[in-house]
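Colleague: My questions all concern the structure below.
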Amino acid sequence: MRVLLGAAFSIAIAGSAFAADMPVRNYYTAPATFSPSSWAGPYLGGQFGYEWGSVSNNPTRPNGFQGGVEAGYNWQFGQFVVGGETDLNISGARDTSAPFQFTNPWYGTVRGRAGIAFNNILLYGTAGLGFGELTGQSFGFLSQSKTSAGFVGGAGIEYGFASHWSAKAEWLYLDLADRTFPATGANNGLSANLLRFGVNYHF
């Protein structure tokens, strides 16, 4: 019996030593940075930047900082990436040119995007629907706010800097249609350039 127990103990010790010398299995881990296929799927983020523009049929040129939230979805076919994005933003763009003052308190966009991916760098163009509010005022009149829609388009670059995260810089041109403002006695609309920087989380 002692011989059998001794043999079993020796086998157990030898098996443990052999297992310790075996290589550890390499399990899959997510890549530390973007891969070409990682542009596909939904994302959510935020952005900030600066707006400068002009009001049609009026000397005012509203400008100021702006920022907001955005969400989108991408599909990828090789290097080509297509998708859609929407955003909603608040803006401090305003200007006074006596006797008028115009502000753009908020705006939003619904756009398509298409571009080319170079691994974790995406170059894209974008275009779609823009909408927002334009508030006009003149001396002796209460302020009046009009919501209108129009065109938005531009281009940008997005860089995947970590797993699930990307940063972007883009320029957009926003053109909101004219609306009648009794305070100014004219039809007024907004044309604005937007320079924006943002961060997105990719699910």
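Values quoted throughout were computed directly from the atomic coordinates according to the rules given, and no laboratory measurement underlies them. It should be emphasised that the depicted structure is a prediction, and the values quoted were computed from it without experimental measurement. Please note: Cβ atoms are built from the backbone with ideal geometry, for glycine as well, and neighbour counts cover all protein chains shown.
Colleague: Give me the net charge of residue 49's neighbourhood, meaning all other residues with Cβ under 13 Å from the Cβ of residue 49; Lys, Arg count +1, Asp, Glu -1.
Modeller: Cβ neighbours under 13 Å give a net charge of -2.
Colleague: Same structure, new question: What does the extension gain come out to for residue 179 and residue 155, with contour length at 0.36 nm per residue minus their alpha carbon separation?
Modeller: Between residue 179 and residue 155, full extension yields an extra 5.9 nm.
Colleague: Right, here's the next one. Roughly how big is segment 36-202's charge dipole about its Cα centre, with Cβ charges of +1 (Lys, Arg) and -1 (Asp, Glu), in debye to the nearest 20?
Modeller: Dipole of segment 36-202, to the nearest 20 debye: 80 debye.
Colleague: For residue 165, what residues show an amide H to amide H distance below 5 Å, using hydrogens built from the backbone and excluding near sequence neighbours?
Modeller: For residue 165, the qualifying residues are 202.
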